[in-house]
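This report concerns only the one structure given below.
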Amino acid sequence: MNSSSFICCLFSILLIGLNIVYTCDAFQSPVSSFSSYRRISLKQQQQQQRPQSTTKQYHGGIRSILSAEEDSDDQWTEEPDNNNNDNDSPSIIEQFQRWLKSAEGQDDVKTYFVSLFIALALRFTIIEPRYIPSLSMFPTFDVGDQLAVEKVTKRISPFYRQEVVVFNPPESFRDIIVGDYGQSTARAKEALIKRIVAIEGDEVEVKGGKLFVNGDEQDEPFTAEDAKYEFGPVKVPPENVLVLGDNRNHSLDGHIWGFLPKKNVIGRAVFIYWPPWRVGNTGMY
């Protein structure tokens, strides 16, 4: 496997992990605040509400006059803090709104979206995950296998025999799926995964269950069984490749619908990353 592709895969996985960590941290419930009460005296309340003293001028000078009400015995009362109430705990929506308005929440949102943008950019331009829905590539891939597809080297490196590629099906495949199998147009456009067995200019033939390229029998330890059909000989035209499934007798591949234009290739299969007991790239190269 190309070392640069492997590094891109690891980087993408790390970014996805960061997205999960930041998301979980962002939506933690904020710490609840408890209602508090403060004790004040009635005398202090009265003093806050009235002036300390007033003055009145007489002919003999200036006389200080206290407020009319006499001081009474201190009485204690409780004044609730109207900002909080023990019996009125914040709802999940209110907690989310508080978090969203906080500096920590805004920072987490920015981090999450930046990470998401980088992860999506990697997915659409460098590497993307795919899963296997059928047995057409068995035993190299089993149903449910999830693999990484590298999308960079198709632009800078030629295609080689025996490497596995993911591609958008050509028109000939879509016509067969819709016309002969009665499937929907959307189903006919789903990406496929097959193995390149011949490149442009090669002469290909399948006879006696074996694959021959330019007259030479090919060693194919990754196939499930010998082919039970005859094909060719045919010559691969320019800007095309021929792809076949490893499960030769149970694959709707190039021996039925023809050649694959190279422009339809999405990327090269790099390695299986799930399930854990199938991790690796055995049989892909």
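Bear in mind these aren't lab numbers, they're just calculated from the coordinates by the rules spelled out. Quick caveat, the model's predicted, so the values are computed rather than measured. Please note: Cβ atoms are built from the backbone with ideal geometry, for glycine as well, and neighbour counts cover all protein chains shown.
Between Gln183 and Ile93, the distance separating the two model label sites (each 7 Å from Cα on the Cα→Cβ line) works out to 4.5 nm. The gain in end-to-end length when the Asp219 to Ile156 segment is fully stretched comes to 20.0 nm, 0.36 nm per residue minus the alpha carbon separation. For Asp202, the residues whose amide H sits under 5 Å from its own are Val236, ignoring neighbours fewer than 5 places away on the same chain, with H placed 1.01 Å from N. Classified by the C-alpha gyration tensor, region 128-278 has a rounded form. Its axis ratio a/c, with a ≥ b ≥ c, is below 1.5.
Working from label points 7 Å from Cα in the Cα-to-Cβ sense, the Val143 to Glu239 distance is 3.9 nm. The HN-Hα couplings worked out from phi for region 238-247 by the Karplus form 6.51 cos²θ - 1.76 cosθ + 1.60 (θ = phi - 60°) are x, 6, 9, 9, 10, 10, 10, x, 5, 8 Hz, whole numbers, x standing for Gly and Pro.
Students often check this: by mean Cβ neighbours within 10 Å, which of 261-273, 185-197, 239-251 ranks highest, and how do the rest follow? List each step's numbers first, then the result.
On the way: 261-273: 19.0, 185-197: 17.1, 239-251: 21.0.
Packing proxy ranking, top to bottom: 239-251, 261-273, 185-197.
Checking the cross-link pairs Lys194/Lys263; Lys194/Lys262; Lys151/Lys210; Lys228/Lys263; Lys154/Lys235 against a 20 Å limit on the alpha carbon distance flags Lys151/Lys210; Lys228/Lys263; Lys154/Lys235 as lying beyond it.
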